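The values are calculated or read from the model by the stated rules, or taken from the named source; none is laboratory data. What you are looking at is a predicted structure, and each value in this text was computed from that prediction instead of being measured. Note that each Cβ is placed from the backbone with ideal geometry, even for glycine, and that neighbours are counted across all protein chains shown. For accessibility, only protein heavy atoms count, side chains too; no ligands or nucleic acids. Shrake-Rupley method; radii C 1.70, N 1.55, O 1.52, S 1.80 Å.
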Amino acid sequence: MRDTVDKDAIVNKFMTAAGRLVNDEMQEWLNRGGRIIGTYCSYVPEEIIAAAGFMPFRMRAVGSDSTELSDVYLTHLNCSFVRHSLNMALKGEYGFLDGVVTTTCCDHARRLFDNFARKESFPFIGMLNVPKRNTEFQVEWFYQELLKFKQAIEKQFHLTISKDRIKEAISIQNESRRLQKQLFLLRTDKNPPITGTEALAASVSATAMPASKFNALLKVLLKELPTSGGRKNYRARLLILGGILDNPQYIKLIEDQGALVAADSLCFGSRLFWENVDENEEDPLKAIARYHIVDRPSCPHLLDAREKHIAFIMDLVDQFQIDGIIMERINFCDNWGFERFMLRNTLKEKGIPFLSMDREYLLGGTGQMKTRVQAFLETLEGDL
Amino acid sequence: MNEKVLENFIKLTHAKHMVSELLAQSPKRMDQFDSRYIAAMAESDERIIACMREGKPFLHSWYFNAPELYTAMDLDWYTCSFPAVFAVNVEGPSVFEETDKIPLDHDICTLQRLMLRSIEGDFAPVPTISVAGLTPCDGIGLFHEALKQYPGWRDIPVLEMDPPYWEDEAALRYYGTEIRRMAKGLEGLTGKALDLDRLKQVLEESNKQYDMWVEYNDARRMKPCPHPSFSGDKIFNIAQSIPSTVGHSSGTELIRALLDDEMEMVRNKKAGWKMKK
């Protein structure tokens, strides 16, 4: 009986953490004098931040309800996540952060950096130039970027980040990745003990808690979860594909229509934990550079890696017995707009049904979304 | 070779010749300039047509991909943004309706959508080599990825240079290496060697064009403004986008003509445009 309570409590903890900006574990970290640096993209190496003694926190705009302040600096043609996030920064709602780091991965994030830099919104503001190609030359370039990033943190906060600390941080993050992948793989089962909603909540929580704390929670959850006997009688197994979807309620809305979201390729999902950083590499920064530019499943920003990403999606389709794919995209996102345009031909050729859904960062238009998902599921049932 | 593309490209080129000839008959000085400007575009197109007919190699590339290299290597090239925009002269407004049918989100840059339409509508010749653009926006790199969806474009070699975001010494070295790699790739694929002395000559000419561009823009601060807003864009095209003028003395002469006209307007305190009331 106690096992069930623990399992539910941990799942609830993850759901709550994903629905809030500051969760209990983060608050505890802050109360103990811990410091936090926010990251705007999965290409920001959390390991370097953790090795400096900070908790890396993946930026979300959860709780935002307007863009009245950020609309002065950005337009309605900018990504709504960026607009909401800048608005929260301008309102001081990220006051718990000692710094933020963005990347060059999208036009909108670059404007976020410009605005932060101009307003001096945080004590530390960094941006990493993530290359668009993935040869050895680009690995070297990104390695140099990581070196500069490390030195910038050392200078700003008057500290030294040792090689051993980075290796230790890699080890902890790799453990987190392995555990998350283990949880993710449970949904290969016909009746998985965890839903897509809960799985996304877990991976969002991984970006919002001290890694060792998250790992401890997830270990308990994995121990107590059965490997099967969970969700039954669903109408179809879906894969969600897209960018920064950080709201498990979006997945819940899909699952409430009778689907099982069995897998994903999202910036807050499987792409974060599918591969590990090489712990045997002598230079840990080199290992991190290689992980991001070559090894891990990439987003559309990395142009040379497209074939690999398609192969990754197709592997998920096979492994998780996917019936259909929902491709979600925040309006005005060129990266995922073009990716969707290209992928539709591939999916058609392979006979995989798909549904394209545009969205704003805040969950809205739910009535229309339900109708579209229901119609998609009916189509799939016709095919099954 | 796709005969339909050749036919359409010839139509676009003829339209440019026709406009150029009409403008040449106008007594207005700016029309005279525009006649030469459009003729330069048509001249570049004629070289692409010749390449298509004779089976010679030509590139698809961009103004931001170091076009001086192409001039120095005597390589013919074009940018599909031109046929994308000029296609409306041949097809009429239906171009926009056809563009909207492409299943690419309508909030994505209109130029990129029009360029895809120029590919789908057989207005953009399939080159021998594509030098992809990866800057300045997210869409442009992905546009090149999207080209691989189209027959013909799927099978051609693609060269690309990764642009650094920064402007420091390390970034310059990085991009320099990328440009050298691209040049090596072009040498290998076309069999044409890059002569660095010839490149220096081209850059000297190109720098003259850039210097005049700065001078031209400075003079536009005058009140009344001596030239209308789109005139500056013409220098951009002459110095960077029209293959027959990039790094060529003919391009320098064209910009000189525009600059001289502007200076005369400044001296006479004349406005290059009229305020509509």
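Might you report the magnitude of the Cβ-based charge dipole of the protein assembly as shown about its Cα centre, with Lys and Arg at +1 and Asp and Glu at -1, to the nearest 20 debye?
Once rounded to the nearest 20, the dipole reads 1120 debye.
About its Cα centre, what dipole magnitude does chain A give when the only charges are +1 on Lys and Arg Cβ and -1 on Asp and Glu Cβ, stated in debye to the nearest 20?
Here the size comes out at about 240 debye.
Tell me the accessible surface of A:Arg20 in square angstrom (1.4 angstrom probe, heavy atoms of protein chains only), to the nearest ten.
Ignoring ligands and nucleic acids, A:Arg20 comes out at about 100 Å².
Can you pull out the trypsin sites (Lys or Arg not before Pro) in region A:85-123 whose DSSP state is coil and whose Cβ has at most 13 other Cβ atoms within 10 Å?
Filter output for region A:85-123: empty list.
Projecting each Cα onto the charge dipole of region B:195-272 (Lys/Arg +1, Asp/Glu -1 at the beta carbon, about the Cα centre), which of B:Thr245, B:Pro226, B:Trp213 comes out farthest on the positive side?
Most positive-ward Cα: B:Pro226.
Suppose each label sits 7 Å from its Cα in the direction of the beta carbon; what would the A:Glu120-A:Asp283 distance come out to in nanometres?
Distance between label points: 3.5 nm.
Show the residues, 5+ positions off or on another chain, whose built amide H is closer than 5 Å to the amide H of A:Met357.
Sorted by chain and number, the residues that satisfy this are A:Met327, A:Glu328, A:Arg329.
Could you tell me which of A:His76, A:Ile313, A:Asn134 has its Cα farthest along the dipole of the protein assembly as shown towards the positive end, charges placed at Cβ (Lys, Arg +1; Asp, Glu -1), taken about the Cα centre?
So the residue furthest toward the plus end is A:His76.
As a quick test, which of the pairs A:Lys132/A:Lys181; B:Lys16/B:Lys56; A:Lys181/A:Lys286; A:Lys132/A:Lys213; B:Lys56/B:Lys200; A:Lys132/B:Lys56 have an alpha carbon distance above 29 angstrom in this structure? Before the final figure, lay out each step's value.
Working: A:Lys132/A:Lys181 26 Å; B:Lys16/B:Lys56 23 Å; A:Lys181/A:Lys286 23 Å; A:Lys132/A:Lys213 34 Å; B:Lys56/B:Lys200 26 Å; A:Lys132/B:Lys56 31 Å.
Too far apart for the 29 Å limit: A:Lys132/A:Lys213; A:Lys132/B:Lys56.
List every residue whose amide H lies under 5 Å from the amide H of A:Asn134, counting only residues 5 or more places away in sequence or on a different chain, with H placed 1.01 Å from N in the peptide plane.
So A:Asn134 has HN proximity to A:Asp304.
Just want to confirm a number: the relative contact order over chain A, from Cα pairs under 8 angstrom separated by 6+ residues, in percent.
Numbers: 614 pairs, mean separation 72.5, N = 384.
The normalised contact order for chain A reaches 19 percent.
Using a 7 Å offset from Cα along Cα-Cβ at A:Met314, what residues in region A:343-367 end up with backbone N under 15 Å from the label point?
Residues passing the 15 Å test: A:343-353.
Taking a point 7 angstrom from the Cα of B:Ser229 along the C-beta vector, which residues in region B:253-275 have backbone N less than 18 Å away?
B:271-275
How crowded by other chains is A:326-336, given as the mean number of beta carbons from other chains within 10 Å of each beta carbon?
Mean shielding count: 3.
Taking region B:195-272 as the region of interest, what is the percent of Cα-Cα pairs per 5 angstrom bin, listed from the shortest bin to the one with the maximum distance?
The calculated distribution, bin by bin, is 3, 17, 27, 20, 15, 9, 5, 2, 1, 0.
Order B:241-247, B:71-77, B:145-151 from most to least packed using the mean count of other Cβ atoms within 10 Å.
In descending order of packing, they fall as B:241-247, B:71-77, B:145-151.
Between B:Glu3 and A:Lys91, what FRET efficiency comes out of the Förster formula 1/(1 + (r/R0)^6) with R0 = 45 Å and r the beta carbon distance, rounded to 0.05? Let's see the in-between values first.
On the way: r = 61 Å, r/R0 = 1.36.
For R0 = 45 Å, the calculated efficiency reads 0.15.
What does the average come to when, for each residue of peptide B:98-108, you count the partner chain Cβ atoms lying within 10 Å of its Cβ?
On the way: counts 0, 0, 0, 0, 1, 5, 7, 12, 1, 8, 6.
Per-residue shielding by partner chains comes out at 4.
I need the shape label for chain A. Rule: rounded when a/c is under 1.5, else prolate if a/b > b/c, else oblate, with a, b, c from the alpha carbon gyration tensor.
In terms of gyration-tensor shape, rounded.
Given charges of +1 on the Cβ of Lys and Arg and -1 on the Cβ of Asp and Glu, with all other atoms neutral, how large is the dipole of region A:255-384 about its Cα centre, in debye to the nearest 20? The partial results should precede the final answer.
Values: 14 positive and 24 negative charges, 105 e Å.
Roughly 500 debye for region A:255-384.
Once amide H atoms are built 1.01 Å from N in the peptide plane, which residues 5 or more positions from A:Phe124, or in another chain, come under 5 Å H to H?
When sequence neighbours closer than 5 places are left aside, the close amide H contacts are A:Gly99, A:Val100.
How do B:Asp233, B:Asp122 stack up against each other in accessible area, from largest to smallest, with a 1.4 angstrom probe?
If we order B:Asp233, B:Asp122 from most to least accessible, we get B:Asp233, B:Asp122.
For chain A, what is the mean residue ellipticity at 222 nm derived from helices alone (per DSSP H run of n ≥ 4: -39500 (n - 2.57); sum divided by total residues; nearest 500 deg cm²/dmol)?
Helix-only estimate at 222 nm: -15500 deg cm²/dmol.
In nm, to one decimal, how far is the modelled label at A:Lys213 from the one at A:Gln249, with both set 7 Å along Cα→Cβ?
Going from the A:Lys213 label point to the A:Gln249 one covers 2.4 nm.
Can you give the net charge of the other residues whose Cβ lies under 11 Å from the Cβ of A:Asp246, counting K and R as +1 and D and E as -1? Spell out each step's value before the answer.
Values: positive: A:Arg58, A:Arg60; negative: none.
Local net charge: +2.
Specify the residue with the greatest mean-square fluctuation among A:Thr67, A:Thr39, A:Thr207, computed from a Gaussian network of chain A linking alpha-carbon atoms under 10 Å apart.
Checking each option, the largest mean-square fluctuation is seen for A:Thr67.
Of A:Lys119/A:Lys167; A:Lys150/B:Lys184; A:Lys350/B:Lys101, which ones are farther than 31 Å apart at the Cα? It would help to have the intermediate numbers written out before the result.
Numbers: A:Lys119/A:Lys167 35 Å; A:Lys150/B:Lys184 34 Å; A:Lys350/B:Lys101 23 Å.
Check vs 31 Å cut-off fails for A:Lys119/A:Lys167; A:Lys150/B:Lys184.
Please arrange B:Met52, B:Met222 by accessible surface area, largest first, computed with a 1.4 Å probe and ligands excluded.
B:Met222, B:Met52
In nm, to one decimal, how far is the modelled label at B:Leu196 from the one at A:Glu349, with both set 7 Å along Cα→Cβ?
Distance between the two pseudo-spin positions: 4.3 nm.
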